[in-house]
Amino acid sequence: MRATTLVCLLLLTLVTFVQVAHVHPAATDADHCPICVVMHSAAPVAAVAPAIIFTTASAPVQAPVVNLVVRPWHCTLFNRPPPTQA
């Protein structure tokens, strides 16, 4: 799993570097460059709308009980007390 993750990250880094470092002397040269065609076709142009599915539960769902613990905050990083009000 780690090796696969490392290989994917290295490929992503390589492709990103190639895309950034790849330049053309004229703007029209990019239309005939195979690297530019592949890079731009890999990025999807159309936005995909996620499907939202509403379901109903057969039994009521209980809300979790949250118990808050309140502790007074005392920072130990100060080297002197705060100034007193005159």
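Before we move on, is residue 61 part of a helix (DSSP H, G or I) and modelled with pLDDT of 75 or more? Working first, answer last.
Values: part of a helix (DSSP H, G or I): no; modelled with pLDDT of 75 or more: yes.
No: the conditions fail for residue 61.
Please pick out the residue among 66, 45 that is open to solvent by 90 Å² or more (accessible area, probe 1.4 Å) and at pLDDT 70 or above.
Numbers: 45 fails: at pLDDT 70 or above.
Answer to the check: 66.
Quick one: in region 30-42, of everything that is open to solvent by 60 Å² or more (accessible area, probe 1.4 Å) and over 21 Å from residue 12 (Cα atoms), which residue is modelled with the highest pLDDT? Talk me through it step by step, then tell me what you get.
Narrowing region 30-42 to residues open to solvent by 60 Å² or more (accessible area, probe 1.4 Å): 31-32, 34-35, 37-38, 40-42.
Filter once more, so that each one left must be over 21 Å from residue 12 (Cα atoms): 31-32.
Details: 31: 69, 32: 74.
Filtering first and then ranking leaves 32.
Can you list residue pairs whose Cβ atoms sit under 9 Å apart, with the first residue in region 2-27 being open to solvent by 100 Å² or more (accessible area, probe 1.4 Å) and assigned to a loop (DSSP other than H, G, I, E, B) and the second being β-branched (Val, Ile, Thr) and at pLDDT below 80? Count only pairs 6 or more apart in sequence or on different chains.
From residues that are open to solvent by 100 Å² or more (accessible area, probe 1.4 Å) and assigned to a loop (DSSP other than H, G, I, E, B), there are no pairs.
The values are calculated or read from the model by the stated rules, or taken from the named source; none is laboratory data. It should be emphasised that the depicted structure is a prediction, and the values quoted were computed from it without experimental measurement. Backbone-built Cβ (ideal geometry, glycine too); neighbour counts: all protein chains shown. With ligands, DNA and RNA removed, areas are computed over all heavy atoms of the protein, side chains included. Shrake-Rupley method; radii C 1.70, N 1.55, O 1.52, S 1.80 Å.
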